[in-house]
1. Would you compute, from DSSP H runs of 4+ residues alone, the mean residue ellipticity of the chain at 222 nm, taking -39500 (n - 2.57) per run and dividing by the full residue count, rounded to the nearest 500?
2. Expressed as an acute angle from 0 to 90° and rounded to the nearest 10, what is the orientation of the C-alpha long axis of helix 676-700 relative to the principal long axis of the chain?
3. For segment 423-473, I need the span (max minus min coordinate) of the C-alpha atoms along each principal axis, in Å, sorted largest to smallest.
4. What shape does the chain have by the C-alpha gyration tensor, where a ≥ b ≥ c are the square roots of the eigenvalues, rounded means a/c under 1.5, and otherwise prolate means a/b greater than b/c and oblate the rest?
5. Can you list, largest first and rounded to whole Å, the semi-axes you get for segment 196-252 by taking the square root of 5 times each eigenvalue of its Cα gyration tensor?
6. Along the three principal axes, how long is segment 94-209 when you take its alpha carbons, biggest first, rounded to the nearest angstrom?
7. Calculate, axis by axis, the spread of Cα positions in segment 471-573 along the three principal axes, and write the results as whole Å, longest axis first.
8. Just subtract the alpha-carbon distance of residue 227 and residue 88 from 0.36 nm times their residue separation and send over the number in nm, one decimal.
Amino acid sequence: MELLSTLGTFIPNYKCDTHNNLVAAIGGPSESVVRHMATILSTYKIPQVMYASAPIQNDRTQAVFFHQMFPNGAHHYMGILQLLLHFRWMWIGVIYLDDDNGENFVHNVLPMFSQRNICFEFIERFPSITFSSEVAEMMLEGLEIFNVAMRSSANVFIMHGETQTMTIIRTLQRFSVFEDMPVKTKVWVMTAQMEFTSLACQRGWDIHFIHGAISLSVPSKKLQGFQEFIRMRNPTLENEDHFLRDFWENVFACSFPESMIDKNVGQICTGEEKWESLPKSVFEMSLISHSHSIYNAVYAVAYALNALDQHKSKPSTMGDRERQKLLSQKPLQLHLLLRSVSFNSSAGEKVAFNQNGELIAGFDIINWVTFPNQSFLRVKVGELEPGAPHNMLTIHEEAIIWPSRFNQMVPLSVCNPPCRAGYNRMKKEGKPFCCYYCIPCPEGKISNQTDVDECFQCSEDHYPNNGQDSCLPKGISFLSYEEPLGITLAIFALSFSFITALVLGSFVKHQNTPIVKANNRSLSYVLLVSLFLCFLCALLFLGRPEKVICLIRHTAFGLIFSMAVSCVLAKTITVILAFMATKPGSRKRKWLGRRLASSIVISCSLIQATICTLWLATFPPFPDFDMHAVTREIIVECNEGSGTMFYCVLGFMGFLAVVCFAVAFLARKLPDSFHETKSIFFSMLIFCSVWMTFVPAHLSAKGKHVVAVEIFSILASSAGLLGCIFLPKCYILVLRPDLNKREHLRKRKK
């Protein structure tokens, strides 16, 4: 208000001296001070140049007259966000000052942080001091907030405040020691508005708590001649500079004699004290960020005034009245010129404003390093370029000094350690989204990165490793002759086929003996040949499936087994008819003979051959790769082509076996010299049992074991027929030829 009055006369809104007009004001760093100044200065159209971020303005008229020696606020917050993302600090605490900018930060900026998967353990507000009587209450509330921060599991805090905020933090840190509160080392991430400030009583207080802190700062360069200028300041020689005398007494903790009531108390200021003797926590010899902004602000106004004077000095024909009107509009003209001002400072940096009156500049990333003597360094460790795509952040991690607790490792600040590869995240109920459990990937899935929400499947030709963090190529698998199981099954198949050949040779050799003739010699030969082929058929299931093998594997199996079962059925029916035809006058004698047996075998075989032909003509089997049956292998198999036709072949063969078993069951008690009916019954019992157990075994087996089950069923069922029907007869042929006589046969019949 005094600036808006006549010099030396405090009468607001009254000016009688046109030679002393206020044309601009430089304000800051408190946003509340700037806001209150704007309420009055905007009325007079006087531009205000701030060396801090702009306050929240609801009145657009006031905002027009703001000029900031501070870059765009959105870039500022984006820089903090990128800093957190760069170091992967996803679990943080937030402390902010109780002002409009702090509220805007919490309500408008922090949600943007949450969208980038950053969550907050706490968001606390420092109370503001309105009256001196509220200091004690503010301290108690502040200590509670400080206690919450120190007990939190987050290692990184964002401190959103202004210059005086550092004074508050130092006070709380000091008093927390007396309150027996835990004081843990944390990484403070501070906004560019904050600077290091101290009260006189804080001169000897520890500052180690900010060691390793990271802050953003408006870029500033070393100003030539500034330190020499500071050394020349002397309060005894500059009597009109009362500020310097007060400041001198504060920083050097002394008093000038004329200001002392008692001349014998305290240290006397001589005016010869050296600035270099002061620790940086009391006074810094270099220009800090805010001071540098003030320096540039003064020059920005000076350049604008110079441009205005040059404009007015141009020849003009206007009269005194028009000139007086132009002079009255000087603040408005200066405002327009400030927006367009652009110059290079003495430090070699370009100063210019954008259309919103904001400084066109980026930010420096500063690392705070403290020392035991209460001094500290601001070390530039990176920079933020708002003009670059996505606000390009450059960080020199090797130059950063972290708090000693972290052993010079990048601090980890997460709700829980990240899930390693092979695990995925599962949210903890009632906790923020970045708090989660780490659970192993489900079987068959992997995660090859840390902290993934979902595991994924490997490609069909790969499988997860034991750690489920990578995919390995699957091996090709089939039942080969080289492996022990394949060798064992092949030996059994060849051995049984050799035994069958020996039995056939014995029957041919003794073809005229009673036992061979009594058992329908022709059917026995056909059955033995079928069993011989059945054993050899098992070899088709060994080795890598090829196109030809797949075409004949199941069809040959179906045909040969149907022929074998039909021979057994024909033998059984022949035996039954033989006993039924012994009655006098029986008409069933005409059915006896080779014709009936041949008809049964041929008709059954033709039906099965027809089914196989239709199968091969419509949906023939083909070699295929099963990627999913076994986790770590690709199974090379014969695809049936048509499951319906495949089960038709098996169904017909099963039908023959059931009919044969039923007929043999009915004929099991018929008298027989060589136990033919009983042998057929037991052989079909074994045959049906094998193939009934084949179904569940086939469905539960995987990979090449499916083929092994098929081979085993073929060998077991064929061996059952061979053993039950022919081995007793071979025993008589080879070992007991005395029983192979007609007299013995007649005796048995009686």
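Each value in this text was obtained by applying a stated rule to the coordinates, not by laboratory testing. Small disclaimer: the values here were computed from a predicted structure and weren't measured.
1. -14000 deg cm²/dmol
2. 10
3. For segment 423-473, the Cα extents along the three principal axes come out at 41, 14, 14 Å.
4. Here the chain falls in the prolate category.
5. 27, 20, 9
6. Answer, in whole Å and largest first: 42, 30, 24 Å.
7. Principal-axis extents of segment 471-573 (Cα, largest first): 68, 24, 20 Å.
8. Residue separation times 0.36 nm, minus the Cα-Cα distance, leaves 46.1 nm.
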